[in-house]
1. Give me the residue from the stretch 167-185 that is under 16 Å from residue 117 (Cβ atoms) and touching a residue at least 60 places away in the same chain (Cβ under 8 Å) and, out of that set, surrounded by the most Cβ atoms within 10 Å (Cβ to Cβ).
2. Quick check on the stretch 232-244: of everything there that is polar (S, T, N, Q) and surrounded by 15 or more Cβ atoms within 10 Å (Cβ to Cβ), which residue is nearest to residue 182 (Cα to Cα)?
3. Criterion first (more than 26 Å from residue 62 (Cα to Cα), modelled with pLDDT of 95 or more and surrounded by fewer than 21 Cβ atoms within 10 Å (Cβ to Cβ)) does residue 299 satisfy it?
4. Looking at the stretch 202-221, can you tell me whether even one residue there is more than 16 Å from residue 90 (Cβ to Cβ) and in contact (Cβ under 8 Å) with a residue 40 or more places away in the chain?
5. Quick one: how many residues across the stretch 124-146 are farther than 30 Å from residue 77 by Cα and in a loop (DSSP other than H, G, I, E, B)?
6. Right, residue 151: aromatic (Phe, Trp, Tyr), within 29 Å of residue 267 (Cα to Cα) and crowded, with 19+ Cβ neighbours inside 10 Å or not?
Amino acid sequence: MKQPPARAGIRSGFSNRRLALSILGCLLLAVVALLLRLPVLILADFNSYAATAHRALDGEAVYTAVQLAGPYHLQDVSEGRGFAYPPTAVLLLLPAALGSPAAIPFLLGSLALLAFVMIEIVRVELRDHAWIGWPIAGLLLLSPFAGDAIYVGQVTPLLAAGYGASWLWPRISGIVAVTGGAVKIYPLVLLIWAVRNQVSVRLPLVLGTLLLAAATLWLGTDAWVQFWTASQNAIPQCAQPSLGSFACAFGRIGEFVGLGAALTLALFAARASSPPVAFLLLATASVIAAPDVFPNYLLIVVTGAMPLACRLASQLLSSRWATDQGRGSRSSVL
C-alpha cells in the first residue's frame, strides 16, 4: 500500500527546548482563556457527562425518563438530566465521573491541544511566518466559539484538536475518526480523510468494533434502543445560543435536508483534487446536519479552514514578494 504523503511532524524544525516552550505557551493560552470565563462557568454539559458516568457505574439507565417519555429540548436535559451521545461515549467519558474537579484539567488540556495543533498547522504551512500561529491560536481560544464550549464544559475543543491533528498527521486520522465518532458520531467523516491519504482503516475499524462490543456488553442492547428513542424525541432549540440549522428553518424535513447536505459535502471532499478544500468540506459536513448548530461547533469549521487559509496566505505573500523583487530589479536597472 502506498504510504500517505509525508507531512512535517511535531519535531520537524523543533528542538526539545522549543517543543517544551511551545507546549508551555499553549497551556498559558488555555489558562488565560479559562480564567476569563470563570465568572460565568456553569459546566452544564460536563455535569451531564459526570451524571451519566455515575448512572452507568450504578447500573442505571444512561438515558433518562424525560428523554424517553416524549419530545424534549436539549436544555431540558442539561446539568445531568440526560445524555445526548451514543452509548460508546460513556466509555470514553468515564473520567468525568470524578466530577467538577476533573472539568478544569479536562478543559485546560483540550484548549491547549487545540492551540498547539493550530500553531503547528501555521508553522508547517507558513514556514517563514510561523509566528502568526500564536495570535491566531490566542484569538481562537478567546473567541465566542471557544467561550461557548468553555462555558458549558463541552468536549468540542478536544474534537476540533483531533481534526487539526488529522491534517498534520494523516496516519492517525482513522483513530481520531473512530474515537471521536464514538462520542459525537460526526467525526466519523474523517475516515474519508484517512482513505484519501491512503491510510489503512483496518486498525480503526477493529477499535470501533471493540468500543461497540464493550459498550453493548456493559450497558446492554437496550441502551442503543433508548439512544435512538431519545434522539428522535429531541427537539431543536432554535434559540440562543443556537445559531439555527436546517431543522430550525424547515422543521422535520430540514433534518433530511441537513443530512443530504452533509453527504453531498462528504462526496465532494472524497473527490476534490485540493487537500485543503477537501479537509474544509469534511469539517463543514461534520456540523451542517446538526439539529442545532451551537457556536462551539464552529471550532471544527475554523480548524478545518485553517490549512486552506494558510495556503491562500502563502500564495498571497509569495506574489507580493515576487512583485517587490521585480520592482527592486527595475529600480536597480534604472
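1. So in the stretch 167-185, the residues under 16 Å from residue 117 (Cβ atoms) come out as 167-173, 175-177, 179-180.
Among the residues that remain, those that are also touching a residue at least 60 places away in the same chain (Cβ under 8 Å) are: 167-171, 179.
Numbers: 167: 26, 168: 20, 169: 19, 170: 24, 171: 14, 179: 19.
Filtering the stretch 167-185 for residues that are under 16 Å from residue 117 (Cβ atoms) and touching a residue at least 60 places away in the same chain (Cβ under 8 Å), the one surrounded by the most Cβ atoms within 10 Å (Cβ to Cβ) comes out as 167.
2. At the first step, the residues of the stretch 232-244 found to be polar (S, T, N, Q) are 232-233, 237, 240, 242.
Then keep just the ones that are surrounded by 15 or more Cβ atoms within 10 Å (Cβ to Cβ); that gives 233, 237, 242.
On the way: 233: 21, 237: 24, 242: 23 Å.
Restricting to residues being polar (S, T, N, Q) and surrounded by 15 or more Cβ atoms within 10 Å (Cβ to Cβ), the top hit is 233.
3. Details: more than 26 Å from residue 62 (Cα to Cα): yes; modelled with pLDDT of 95 or more: yes; surrounded by fewer than 21 Cβ atoms within 10 Å (Cβ to Cβ): no.
In short, no.
4. No; the residues of the stretch 202-221 include none that is more than 16 Å from residue 90 (Cβ to Cβ) and in contact (Cβ under 8 Å) with a residue 40 or more places away in the chain.
5. 1
6. Criteria not met by residue 151.
So that you can scan it fast, the table gives a plain yes or no per residue for (1) surrounded by fewer than 23 Cβ atoms within 10 Å (Cβ to Cβ); (2) in contact (Cβ under 8 Å) with a residue 12 or more places away in the chain:
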position	(1), (2)
20	yes, no
54	yes, yes
71	yes, yes
80	yes, yes
86	yes, yes
90	no, yes
96	no, yes
101	yes, no
127	yes, yes
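A quick yes/no check of all residues on (1) surrounded by fewer than 18 Cβ atoms within 10 Å (Cβ to Cβ); (2) out of contact with any helix residue (DSSP H, G or I) (no Cβ under 9 Å at 6 or more places or on another chain):
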{"site": "198", "(1), (2)": "yes, no"}
{"site": "219", "(1), (2)": "no, no"}
{"site": "262", "(1), (2)": "no, no"}
{"site": "265", "(1), (2)": "no, no"}
{"site": "273", "(1), (2)": "yes, yes"}
{"site": "285", "(1), (2)": "no, no"}
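The values are calculated or read from the model by the stated rules, or taken from the named source; none is laboratory data. Bear in mind that the values here come from a model prediction, so they are computed numbers and not experimental data. Note: ideal-geometry Cβ built from the backbone for every residue, glycine included; neighbour counts use all protein chains shown.
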